[in-house]
Every structure is written in structure tokens, then in C-alpha cells.
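See structure below.
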Amino acid sequence: MVFLPDDLCAAILSRLPIKVFTSFKLVCKQWNSVVESQIFRNLFISQHQNTQSSSWSLIKGASNRTEFLAHYRCKTWGLQRSLESYISSFISYKFENQRGKYRRGSVVAYSDAGFVLIDVSSYRYSGSTFEKRSLCVANPVSQECIEIDVPKAFENSGIFWPFGIATRTDNGVVISYKIVAYSSNSDVGYLVYSSETGLWSPLPYNFERCECNYTISLNGNLHWLSRNNDELVSMDFNATTMEAGLFRYTAFPDLEKRVKFKRACTTYQGSLMYMNIVSQDNDDGSVDHKLCSWEWQLRSEISTDLTETYFDYFPLRVDSLDATTAYFLSQKHQRFIAFNLRNGACLLSACLLHSGGRILRFLHYPEGSYFYSFVLPQWLYRLPR
């Protein structure tokens, strides 16, 4: 391949999964130049845009993570393990297996660019004397990471709570990221770290704290549920000025209707989606139950056995790359189903006590309905320095 022109070399390498061709950068300068080029990136994305496949996981909790559902071995990434196993391996390698001191890392947020935000506490070797606190932005698959010091005033304090990371991308490159943290100190309130300046700065606003420590990072913005569970709070970092408004409040589209489940959002290819079972009274006294999904405009509305009142499954998420497929979980029966939102067909029904095969696995029955959704993008983003 040394004698092949760069465009032909790029055409060959672009057919391989991300996990495979990234290691080829170490072969020679030519291959490194090819893989790092914009032409190769565009070629790879165009070749894989119709594969409808990516690696993703549903994870219960943050610091005490329990991976419930994992999808891997896809054509785009070629991973042989679930994302949670990559996260655990990275934390163990980076923080826990170091001589001379003890470091503990806890994941507190996930980004749509494939990054995780880790809260790191450092102790002396005995594990009893606290030394410092920092944050780490990392790609657990490539193991690329950047460590950031917390503001000096909060190094030895437990009142500093980082809860979200938003990444801004352009043409396949992460330009910048912002980290949002909360302090119980009334004089400080909320802080934002910018990778562009390397500085922490206070927010001039008081806004509603996110529900259940759960934030969604999407297209450079952060989203979370209001305390009343009736609207979505969005932090718009793309606003050109503070006067343009950093926060948006969007009411859920079914506020005037009776719904079966507690409201929660999911993502699909750069969009927010929401689904619930809506009950409507008829003139004859009967009640219709319909499963509805919205992208803040009604996307689908179906009536099936799924919507009957005795149905005890709650929605987990819409498939990351297939908006017609939704996943539901039954706490009572400890079963999991995949459901077609277009025709109401049950695509998959499996007991949580057994493995679902090599591609889709069911791990550890969780309690509660809040899950972190960690989805790898269609390209390996590098951390901006």
C-alpha cells in the first residue's frame, strides 16, 4: 500500500470500522495523514451513513453505574465490548491503578460527541487524606482525556456538583465544550467552564436545578426536566449573546391530557423525542388509549394491545438510529420488548434473566425509570486542546 495514492488508500481504509482504522495511524506517516484528513472523514461518514448502526448503552445511575441494555459490534465502530466496559476499564487504568496515591473517578455526565465527564477525587496512598478534586473529560474508547482543575474555592468542598457537558461540533470536529456545575454557595450558584478560555465563570442567572441529576447533551445544548415534570428546560450555548436568552422552557405537548408514564425524553439523530400513552374520553363513555410519540410535533399515534390500561411496561428510549423502534421495560414481569411505533408490532420480547445474544444484551435489572443514554456518534471526535 506504500505505492498507492492517498485517495485510493483512503477509499480502502474508510471501509473499516473506526476502532480498526484508528490504530492504523501508528503504521506510518502516510496512513496517519490519510486518516486525519478531512477527505477521509467525509468519505467514511458517507460510506457508513446508511448502515443504521452505532454503539450505545442505557446506563442506570452515574457514579454507581449499572448497564442495563447494550448494543455493540456494529459496522461503524467495530467494538467487541459494551460501552460500560470501556468506561470501567478507562477509570481503572487512569485513576485507580496508580502508585503512591489513591484516585477515585465517578461519571457524572455523558456527551453526544462520545465523551464522558468524570468527577475525580485524589487521596494519599492510605486513602484517608484528601488532596484535591478535579474533572476529567474523556473518550473512553480512544482513552483520550483532559483533566481540569475545579475552582480553588471548591477543591476541598462537597458543595461543588458538576452535572452536564455540552459539545459544539463543526464539520466532523469538536470545536469546544462547556461544563456546567452547581454550588450550594448562594454567592456563586452556577458555574460554567469553557474549553476555549480554560476558565470557570459564574452564570448571571438562577435557573431551575435539573431533575434526578439527569441531563441530555445534544447539539451543543443541555436539556433537563423541570421539577414539576411539565416542561423541558434547555440551556442554549449557541445563543449569540446573553441578552438573546441562555434558557428556553418548552412545555410538553400533552399537558392537557391524561398520560400513563412519568415524562422523560430521548434522542434520535440530533433531535429530542418524547413518547407516552395518552388516554382520551369518548362521547359514549369509553376511553381510548394511544401510544404517541413527538418531536414536539406529533410523529405517530397508534392503538394496540400495548396501550391497554393493564399494560405495565414503561418506555426506555427510541432507538438511536431507527425512529420507528422503541424499547419498553416491565418491572413486574422483568421483561423487555422492542416495539414498532409505525404499525404497533412487537419486534422483540425477552426475559431480563437471560442473555439476548451477541448484539443486544440485557444486564442487571434496574429500579426506577431514569437512564443515562450514552450513544457513540458516527465519527470518532477528538478532544479540543
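The values are calculated or read from the model by the stated rules, or taken from the named source; none is laboratory data. Since the model is a prediction, treat every value here as computed from it, not as a measurement. Neighbour counts are summed over all protein chains in view; Cβ atoms, including those assigned to glycine, are modelled from backbone coordinates with ideal geometry. Quick note on the areas: whole protein, heavy atoms, side chains included, nothing else; ligands and nucleic acids left out. Shrake-Rupley method; radii C 1.70, N 1.55, O 1.52, S 1.80 Å.
Computed with every protein chain present, the accessible area of LYS25 is close to 40 Å² [probe 1.4 Å].
Distances between placed amide hydrogens fall under 5 Å for ARG258 paired with SER279, all partners being 5 or more residues away or on another chain.
Computed from backbone phi with θ = phi - 60° and the Karplus coefficients 6.51, -1.76 and 1.60, the 3J(HN,Hα) list for the stretch 263-280 is 5, 7, 10, 9, 10, 8, 6, x, 10, 8, 10, 9, 9, 6, 9, 9, 9, 10 Hz; x is used for glycine and proline. Ordering 193-203, 35-45 by mean Cβ neighbour count within 10 Å, with the highest value first, yields 35-45, 193-203.
Ligands, DNA and RNA aside, GLU131 has an accessible area near 70 Å² when probed at 1.4 Å.
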